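Undergrad: Before anything else, here's the structure in question.
The values are calculated or read from the model by the stated rules, or taken from the named source; none is laboratory data. Please read all numbers here as calculations on a predicted model, not as lab measurements. Neighbour counts are summed over all protein chains in view; Cβ atoms, including those assigned to glycine, are modelled from backbone coordinates with ideal geometry. When the accessible area is computed, the model is the full protein with side chains, heavy atoms only, and any ligands, DNA or RNA have been set aside. Shrake-Rupley method; radii C 1.70, N 1.55, O 1.52, S 1.80 Å.
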Amino acid sequence: YFSTLPSFPSTGSTGQAPLASSKWSSLPPSSRAPWEAEAKRLRGLRSDKLKSYRPTKGYSKSTGLYVGSNGSRSKPRRDPSAPKRPKSAFLFFASALRDSVKS
């Protein structure tokens, strides 16, 4: 897949993303399968983790605020113990693409 790509610009990920996106959209479904399978596997793992997830003590799920012992509230943020979202199939593809160009 990667041999036909022009070399990535040195502008960082903002210059690389459009090239990866155009390559991803031109791939046939059979070529996307390995990355989609990995993304699907990780979504299943996250789903299993979410079933057993219990919010951290002091975290209000409805407001997204941490309530301190003195009743103070901090700004809304993500519960650090919550399972993270997995990468999408495109992100796995783009990562492999960057690694192949670097080497």
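Undergrad: Taking into account only those residues within the range 1-53 that are at pLDDT 80 or above and part of a loop (DSSP other than H, G, I, E, B), which is least open to solvent (accessible area, probe 1.4 Å)?
TA: So the residue we want is Leu27.
Undergrad: Just the residues that are of a type outside the set (Lys, Arg) and closer than 9 Å to Phe93 by Cβ, please, taken from the range 18-33.
TA: Ala20, Trp24, Leu27
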